[in-house]
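*Asks:* Mind having a look at this structure? Questions to follow.
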């Protein structure tokens, strides 16, 4: 680790999770090992009634966070000077939410200084020269009951990629860096003049247009971001119940503003009344405020949802996929370096096809398969959460695991998922910290699930 970096240190593996006053008693509790039990192997998540908006609110940070208005966008290719920070186990992707809990006076001073100016700092990927600018969205400062000194809590959002040019440590201890904002290069589609991508009739028309040009159809698919997005959606469905970004998700430019279900009564030839349910979806285009209505029968509702995906921004969608896949640090850094949207989408599709299962980063024991992943948050299955010690965990939610041992007692203190208690879990083969088991305390479904720290697992590729 470079000595000239602001680093929030990781705690030892045995302490990398939450801590409670019952820690000494917890060490005497016998481990509950999960080893491919029949119940676990046959488990499925059905009928989830948990509010997925709760984890995204990060309520464990408190309710007194001060919201900051306005947004900061730095010019592409601009050279800017930012305070730099490195978080062990975190490779931030644009669009990801980053919660922080800071107690070190120097860190607090650096963040308060950033809030007074551009509200922006940089997260540099470990052992790399690329990173992501981070904009502070809300914060609070005060002295908590269990803390002797002031604590700064904040929520921030990854914004733009950057490349590090140089860095230095100031007299006040802040590590600063001159960075170059990396822009996304938009590659024009070779058939833009021949095909209107917003036309529903041309949604699957991948053969007709290439047939009228000198290019073969595979060239068309290579540069068709919507086609690759459709293929990625198919892969995500194969992975598990991963919530794809809906038009109400921030990762989409065209947002569904209103969904109304109406019942139409029509008379058949015999005079009886038939009930036909339709879904009327009103879509608002952010760029020109045009309104478009799409009406489909109940049988076509799934197709209408698929169609709404074609209205998504490929640029933001590519980052949503990158943020929610349990990739290794090297793979995430590689994604940050790719300068084009179509290049990111193709790289992600390739990784989705190759990933078989997730294993312990220490000993390689199988922890879960890609089919075990599901979303407990509206933002997706992999999100950042911060514990009481200030350590940030990129946590993946899964409903089925193997080769894990529970350690200590359960607790509801500072739970990232309101209504659930947590228990530390380790690899049953090597004792490496893997994550937590979350158990419902309010009769919500699912009854339990697992949170896996991305930094402590690695994908097994074929």
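The values are calculated or read from the model by the stated rules, or taken from the named source; none is laboratory data. Bear in mind that the values here come from a model prediction, so they are computed numbers and not experimental data. In this analysis, Cβ positions are derived from the backbone assuming ideal geometry, glycine residues included, and neighbour counts consider all displayed protein chains.
*Asks:* Please indicate, with yes or no, whether at least one residue in region 96-108 is in contact with a helix residue (DSSP H, G or I) (Cβ under 6 Å, 6 or more places away or on another chain) and assigned to a loop (DSSP other than H, G, I, E, B).
*Replies:* yes
*Asks:* Are any residues in region 116-128 touching a strand residue (DSSP E or B) at 6+ places or on another chain (Cβ under 9 Å) and in a loop (DSSP other than H, G, I, E, B), and if so, which ones? Spell out how you get there, then give the answer.
*Replies:* Pass one, region 116-128, residues touching a strand residue (DSSP E or B) at 6+ places or on another chain (Cβ under 9 Å): 118-126, 128.
Selection gives 118, 119, 125, 126, 128.
*Asks:* While we're here: Among (1) within 23 Å of the chain's Cα centre (by Cα); (2) surrounded by fewer than 15 Cβ atoms within 10 Å (Cβ to Cβ); (3) not in a loop (DSSP other than H, G, I, E, B), there is one condition residue 113 misses while meeting the rest; what is its number?
*Replies:* (1)
*Asks:* Suppose the filter is at pLDDT 95 or above and crowded, with 20+ Cβ neighbours inside 10 Å; does residue 432 pass it?
*Replies:* Working: at pLDDT 95 or above: yes; crowded, with 20+ Cβ neighbours inside 10 Å: no.
Taking the combined requirement at face value, the residue does not satisfy it.
*Asks:* Then there is this: Please work out if residue 443 is out of contact with any helix residue (DSSP H, G or I) (no Cβ under 6 Å at 6 or more places or on another chain) and either within 29 Å of residue 351 (Cα to Cα) or without any contact (Cβ under 8 Å) to a residue 60 or more places away in the chain (or both).
*Replies:* Details: out of contact with any helix residue (DSSP H, G or I) (no Cβ under 6 Å at 6 or more places or on another chain): yes; either within 29 Å of residue 351 (Cα to Cα) or without any contact (Cβ under 8 Å) to a residue 60 or more places away in the chain (or both): yes.
Against the criterion (out of contact with any helix residue (DSSP H, G or I) (no Cβ under 6 Å at 6 or more places or on another chain) and either within 29 Å of residue 351 (Cα to Cα) or without any contact (Cβ under 8 Å) to a residue 60 or more places away in the chain (or both)), residue 443 qualifies.
*Asks:* While we're here: Could you list all residues from region 135-162 that are within 18 Å of residue 93 (Cβ to Cβ) and either more than 22 Å from the chain's Cα centre (by Cα) or not assigned by TED's automatic domain parsing to the domain that holds residue 116 (or both)? Spell out how you get there, then give the answer.
*Replies:* So the first thing to find is which residues in region 135-162 are within 18 Å of residue 93 (Cβ to Cβ), and the list is 135-137, 155-162.
Those that are within 18 Å of residue 93 (Cβ to Cβ) and either more than 22 Å from the chain's Cα centre (by Cα) or not assigned by TED's automatic domain parsing to the domain that holds residue 116 (or both): none in region 135-162.
*Asks:* Residues of region 147-186 being in a loop (DSSP other than H, G, I, E, B), farther than 25 Å from residue 128 by Cβ and touching a residue at least 24 places away in the same chain (Cβ under 8 Å), which ones?
*Replies:* We begin by selecting, within region 147-186, every residue in a loop (DSSP other than H, G, I, E, B); these are 147-150, 170-174, 182-184, 186.
Restricting the remaining residues to those that are farther than 25 Å from residue 128 by Cβ gives 147-150, 171-172.
Passing the criteria: 147, 149, 150, 172.
*Asks:* Would you mind telling me which numbered condition in (1) farther than 30 Å from residue 349 by Cβ; (2) assigned to a loop (DSSP other than H, G, I, E, B); (3) under 20 Å from the mean Cα position of the chain (by Cα) residue 437 fails?
*Replies:* (2)
*Asks:* Restricting the search to region 333-380, which residues are outside the structural domain of residue 432 (by TED's automatic domain parsing), touching a strand residue (DSSP E or B) at 6+ places or on another chain (Cβ under 6 Å) and assigned to a loop (DSSP other than H, G, I, E, B)?
*Replies:* 339
*Asks:* Related question: Just to be sure, is residue 131 under 24 Å from the mean Cα position of the chain (by Cα), within 16 Å of residue 333 (Cβ to Cβ) and without any contact (Cβ under 8 Å) to a residue 60 or more places away in the chain? Before the answer, list the steps.
*Replies:* Details: under 24 Å from the mean Cα position of the chain (by Cα): yes; within 16 Å of residue 333 (Cβ to Cβ): yes; without any contact (Cβ under 8 Å) to a residue 60 or more places away in the chain: no.
No.
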